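Presented below is the structure to which this report refers.
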Number of protein chains: 2
Amino acid sequence: MDHGMTEQLNVQQMAQRLMTADNILILCHKNPDGDTIGCGSALYCALKALDKNVAVLCSDAIPNRYAFTNAHMFKGEFEPQTVVAVDVASVQLFGENNGMTQFSRHVDLCIDHHAGNSGYADFTLLNGSAAAAAELLYEVINAMGVAITPHIADCLYTGLATDTGCFRFSSTTANTHIVAAKLIEAGCHVEELNTLLFDTKPRERMEAERIARNHLEYYLDGRCALIYLTRDEIEQSGVDPADLEELTSLPVSIEGVKVGLTLRQQPGGSYRISVRTAKGVDACAIARRLGGGGHSRAAGCELLGNLENAKNAILAEVEAELDAPQEEA
Amino acid sequence: MDHGMTEQLNVQQMAQRLMTADNILILCHKNPDGDTIGCGSALYCALKALDKNVAVLCSDAIPNRYAFTNAHMFKGEFEPQTVVAVDVASVQLFGENNGMTQFSRHVDLCIDHHAGNSGYADFTLLNGSAAAAAELLYEVINAMGVAITPHIADCLYTGLATDTGCFRFSSTTANTHIVAAKLIEAGCHVEELNTLLFDTKPRERMEAERIARNHLEYYLDGRCALIYLTRDEIEQSGVDPADLEELTSLPVSIEGVKVGLTLRQQPGGSYRISVRTAKGVDACAIARRLGGGGHSRAAGCELLGNLENAKNAILAEVEAELDAPQEEA
């Protein structure tokens, strides 16, 4: 993996650099999730505890469910001298709103857990086996000698829990659980957070899921399951399209299904196709044949044309992959 | 809490009693779940490692998803001298099939995490703050000096993860995560287990959920959400009624909903009503007024009569509880 021109730091070195810095701007990635926001807010609190000027910047609005993290958002009140990115794998992911481009051009420090981090920062703390950037940041804050307050623990737990699907995803390691234990011991509000993060869905999201489930179809002797939502259905349900992401794990969770497909029509009319696969089936190989890409178990592509065309095109590639010689049917 | 005539043991004492015993029969509770089966199988393996005669007995069949735990089920091949129950809160929960009653009448040892354990065994290791019996059994097996093999770790992880909804429920503590970390370090197959336990649903279960979601109704200004399944719908979907348990958490997971109701018609025609509440609303108080009972956030009752009557009766009690003076609307 090429990590650009960046210099790799360990936890102690990153903590040292943060402790000697001031007027610090923390950058989150666009379409912010619990890990980038949780890390941004936790690091904000830790640096505040050291009496530094610090603020957080994100190209997009912070979703309501993360409002409790309550970091101070940058409004130009100081001249940033050190820019630090949390959970951002590449420059493209910073986005371009809220004056982001002014600061994302030169990033001093980066704390990340994406193995493919492009190395855009001068100095990077990277651990690709951490399940969340929050798992790393926990060590950094400890190394800075800052106490993990209950609020910092809430922010870090949010990162840890959301990036692992509440300790369900394969990225979850023994260390993930150890950090979770430490955060609970530090007073994080685990019951309230789990309810907020995993058991609170908007009505509109429920309505969209209802429609999608009514569209469930099986193909290839039950080895492939497909759901879809048209542009009109998405609009009529009133769902925030960002809330539909989680639906993509639904078809592959059905017994016997090797490839789960979720087709969502975009505002322009094209179909965005999410491919999720059982262990041993290469989602990326399927998506790549249609101009897309991704990871081995989660990939995607986008197809022009109507629903039937999109279905036929992706099903042909699913069949080809499932029946490829390397696959045991 | 009255714990009967039992003598309470600590972990060391329980380990001692198991180590000096032989011809051991392990009893699980009826309608077996991941915790009782995981514990039964883990303890079976641990005692086998000490060269003892041991087998497991359960009044009901072991569900397929737990078949991998692979404990030896008792078929009368030895004369049990020590009977030990795992994750069984009271004698009623043993059930009456498979010759259970012959052994459940006199239980020597009990390892349990239900605060309300009735104290039916001669000696009990009870910790009501453990999230699963598996969390306790992990300590017992360690105290016995038996190595936690990957298979024992798989069995214990199954108990821990299923009883906590994969570390989501409020019973999850720092120690729960610490034990999870130890089990992963011991080689448990956490990725495969999470897929098996949480991301594999039968087609029939999907179909029943589809129907139930089409029946979603809101009441009391959106403070109450209700789903239902008639007897015919359950039959036509082909779902195993045991697989519907999880559905009961659906209505209360909707934003703004304080009381979630799930009505399932029973083979006899009556409606079984599951009441789930947000923090601060007493589910048990609602169910109790209709002759049911349960816990503060999860309770239930059963009503004769048709669907409309059942809905009206439960909704009246939900409204009464929500508008009770102690409640802030």
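The table for this structure:
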| item | result |
| --- | --- |
| Test for B:Glu308: is it modelled with pLDDT of 95 or more and charged (D, E, K, R) | yes |
| Identity of the residue in the range A:189-210, touching a Cys at 6+ places or on another chain (Cβ under 9 Å) and within 18 Å of A:Thr248 (Cα to Cα), that ends up nearest to the other protein chains (Cβ to nearest Cβ) | A:Phe198 |
| Matching entry among A:Leu57, A:Leu43, A:Leu47 (being touching a residue at least 24 places away in the same chain (Cβ under 8 Å) and either surrounded by fewer than 20 Cβ atoms within 10 Å (Cβ to Cβ) or farther than 13 Å from A:Ile141 by Cβ (or both)) | A:Leu57 |
| Among (1) open to solvent by less than 40 Å² (accessible area, probe 1.4 Å); (2) within 7 Å of chain A (Cβ to nearest Cβ); (3) out of contact with any strand residue (DSSP E or B) (no Cβ under 9 Å at 6 or more places or on another chain) - the single one B:Ser170 does not satisfy | (1) |
| Checking A:Lys279 against (1) under 19 Å from A:Ile254 (Cβ atoms); (2) touching a residue at least 24 places away in the same chain (Cβ under 8 Å); (3) surrounded by fewer than 12 Cβ atoms within 10 Å (Cβ to Cβ), the condition it does not meet | (2) |
| Complete set of residues in the range A:270-304 that are more than 22 Å from A:Glu209 (Cβ to Cβ) and out of contact with any Gly (no Cβ under 9 Å at 6 or more places or on another chain) | A:Lys279, A:Gly280, A:Val281, A:Asp282, A:Ala285, A:Arg289, A:Leu290, A:Gly291, A:His295, A:Ser296 |
| Checking B:Asp243 against (1) at pLDDT below 95; (2) touching a Pro at 6+ places or on another chain (Cβ under 8 Å); (3) more than 25 Å from B:His114 (Cβ to Cβ), the condition it does not meet | (3) |
| Residues satisfying the stated conditions in the range B:109-159, i.e. within 19 Å of B:Glu185 (Cα to Cα) and either among the basic types (Lys, Arg) or out of contact with any helix residue (DSSP H, G or I) (no Cβ under 9 Å at 6 or more places or on another chain) (or both) | B:Pro150 |
| Check on A:Glu209, surrounded by fewer than 20 Cβ atoms within 10 Å (Cβ to Cβ) and of a type outside the set (S, T, N, Q) | no |
| Residue check for A:Glu139: of a type in the set (D, E, K, R), open to solvent by less than 50 Å² (accessible area, probe 1.4 Å) and not in a loop (DSSP other than H, G, I, E, B) | no |
| Of the criteria (1) more than 9 Å from chain B (Cβ to nearest Cβ); (2) among the hydrophobic types (A, V, I, L, M, F, W, C); (3) over 23 Å from the mean Cα position of the chain (by Cα), which one A:Cys155 fails | (3) |
| Flag for A:Phe123 being within 13 Å of another protein chain (Cβ to nearest Cβ), over 17 Å from A:Ile37 (Cβ atoms) and open to solvent by 30 Å² or more (accessible area, probe 1.4 Å) | no |
| Hits in the range B:154-167 (condition: surrounded by 24 or more Cβ atoms within 10 Å (Cβ to Cβ), among the hydroxyl-bearing types (Ser, Thr, Tyr) and part of a helix (DSSP H, G or I)) | B:Tyr157, B:Thr158 |
| When residues of the range B:262-274 are limited to those that are closer than 25 Å to B:Thr200 by Cα and out of contact with any Asp or Glu (no Cβ under 9 Å at 6 or more places or on another chain), the one surrounded by the fewest Cβ atoms within 10 Å (Cβ to Cβ) | B:Leu263 |
| Among the candidates B:Glu255, B:Glu207, residue that is touching a residue at least 24 places away in the same chain (Cβ under 8 Å), among the acidic types (Asp, Glu) and not assigned by TED's automatic domain parsing to the domain that holds B:Leu160 | B:Glu207 |
| So B:Asp35, is it within 21 Å of B:Val91 (Cα to Cα) and out of contact with any helix residue (DSSP H, G or I) (no Cβ under 9 Å at 6 or more places or on another chain) | no |
| Filter pass, B:His151 being surrounded by fewer than 19 Cβ atoms within 10 Å (Cβ to Cβ) and not in a loop (DSSP other than H, G, I, E, B) | yes |
| Residues located in the range A:22-40, provided they are open to solvent by 10 Å² or more (accessible area, probe 1.4 Å) and in contact (Cβ under 8 Å) with a residue 40 or more places away in the chain | A:Asp22, A:Asn23, A:His29, A:Lys30, A:Asn31, A:Asp33 |
| Output for the range B:231-259, where each listed residue is crowded, with 16+ Cβ neighbours inside 10 Å, under 22 Å from A:Ile211 (Cβ atoms) and away from chain A (no Cβ under 13 Å) | B:Glu233, B:Leu244 |
| Hits in the range B:183-194 - residues which are part of a helix (DSSP H, G or I) and either surrounded by fewer than 18 Cβ atoms within 10 Å (Cβ to Cβ) or in the same structural domain as B:Ser249 (by TED's automatic domain parsing) (or both) | B:Glu185, B:Glu191, B:Glu192 |
| Whichever residue in the range A:211-222 is in contact (Cβ under 8 Å) with a residue 12 or more places away in the chain and part of a helix (DSSP H, G or I) and, among such residues, is nearest to the other protein chains (Cβ to nearest Cβ) | A:Arg213 |
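The values are calculated or read from the model by the stated rules, or taken from the named source; none is laboratory data. Please read these numbers as outputs of a predicted model, since none were measured by experiment. Note that each Cβ is placed from the backbone with ideal geometry, even for glycine, and that neighbours are counted across all protein chains shown. Note: accessible area is taken over every heavy atom of the protein model, side chains too, but ligands, DNA and RNA are not part of it. Shrake-Rupley method; radii C 1.70, N 1.55, O 1.52, S 1.80 Å.
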